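First the structure, in the form of structure tokens, and then the observations on it.
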């Protein structure tokens with residue numbers, strides 16, 4: 001077997017192919033980095049006058065507030081909430097963004113803007129229902145009649161179960177908490193093991209038996 005130098009195996013065609021592959025990889029990585037580092041979220045949400053004018057002063061936030069509340073220095077909005085940080089139009093910026101799910105009595109997802117556009121914050125004296133949307137009647141707060149339950153950002157909007165795919169895009173990314181995410185995915189809570197064995201609401205055993 002002939003043993004030569006590297007120049008025996010390289011020609012102009014090989015150089016062109018490797019150069020093309022190198023720049024293609026750089027382009028793909030550069031695009032994702034560029035897209036992920038967009039700052040349009042804060043350009044809008046850190047403007048208190050603009051947010052108030054739009055009717056959402058509760059969504060005013062600054063980078064300092066984000067870091068203080070999340071206890072994650074240099075964290076960006078899209079790392080937890082997803083969405084498109086490069087888009088300037090609200091609909092495009094919020095597309096794919098995680099959001100709280102308001103569930104009706106018949107198990108359908110309600111449109112937040114139509115049902116309860118106000119801030120979803122603890123209210124009332126009922127500890128069990130503090131986080132449910134509230135309506136005031138004769139000076140007292142009652143749970144919103146159209147809302148049966150509130151589900152949070154890690155739920156599948158179809159099955160209402162915990163969605164591992166969402167966590168892998170957010171908390172479970174390689175630069176965040178991948179080990180904790182993988183460990184959690186082996187627990188009974190994450191796999192929803194007991195509930196998956198139920199075949200009816202009441203019998204032979206179920207959540208309401």
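Below, the figures for the structure above:
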read-out: Selection count, the stretch 7-50, where residues are closer than 21 Å to residue 79 by Cβ, assigned to a helix (DSSP H, G or I), modelled with pLDDT of 85 or more and in contact with a helix residue (DSSP H, G or I) (Cβ under 9 Å, 6 or more places away or on another chain); value: 5
read-out: Test for residue 184: is it at pLDDT below 80 and farther than 27 Å from residue 111 by Cβ; value: no
read-out: Condition met for residue 84 (part of a loop (DSSP other than H, G, I, E, B), outside the structural domain of residue 188 (by TED's automatic domain parsing) and surrounded by 15 or more Cβ atoms within 10 Å (Cβ to Cβ)); value: yes
read-out: Residue check, residue 133 under 25 Å from residue 40 (Cα atoms) and either touching a strand residue (DSSP E or B) at 6+ places or on another chain (Cβ under 9 Å) or assigned by TED's automatic domain parsing to the domain that holds residue 80 (or both); value: no
read-out: Total residues in the stretch 94-116, condition in a loop (DSSP other than H, G, I, E, B) and either under 17 Å from the mean Cα position of the chain (by Cα) or exposed (fewer than 12 other Cβ atoms within 10 Å of the Cβ) (or both); value: 11
read-out: Residue count for the stretch 139-169, restricted to those that are surrounded by 14 or more Cβ atoms within 10 Å (Cβ to Cβ) and in a loop (DSSP other than H, G, I, E, B); value: 10
read-out: Cβ-Cβ under 9 Å pairs, at least 6 apart or on other chains, the stretch 104-130 side more than 29 Å from residue 51 (Cβ to Cβ), far side at pLDDT 80 or above and part of a loop (DSSP other than H, G, I, E, B); value: 105/145; 105/146; 105/147; 105/148; 106/148; 107/148; 107/160; 126/132
read-out: Within the stretch 60-81, considering residues that are in a loop (DSSP other than H, G, I, E, B) and in contact (Cβ under 8 Å) with a residue 12 or more places away in the chain, the one nearest to residue 159 (Cα to Cα); value: 76
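The values are calculated or read from the model by the stated rules, or taken from the named source; none is laboratory data. Keep in mind it's a predicted model, so treat the numbers as computed, not measured. No Cβ is skipped: glycine too gets one built from the backbone with ideal geometry, and neighbour counts run over all protein chains shown.
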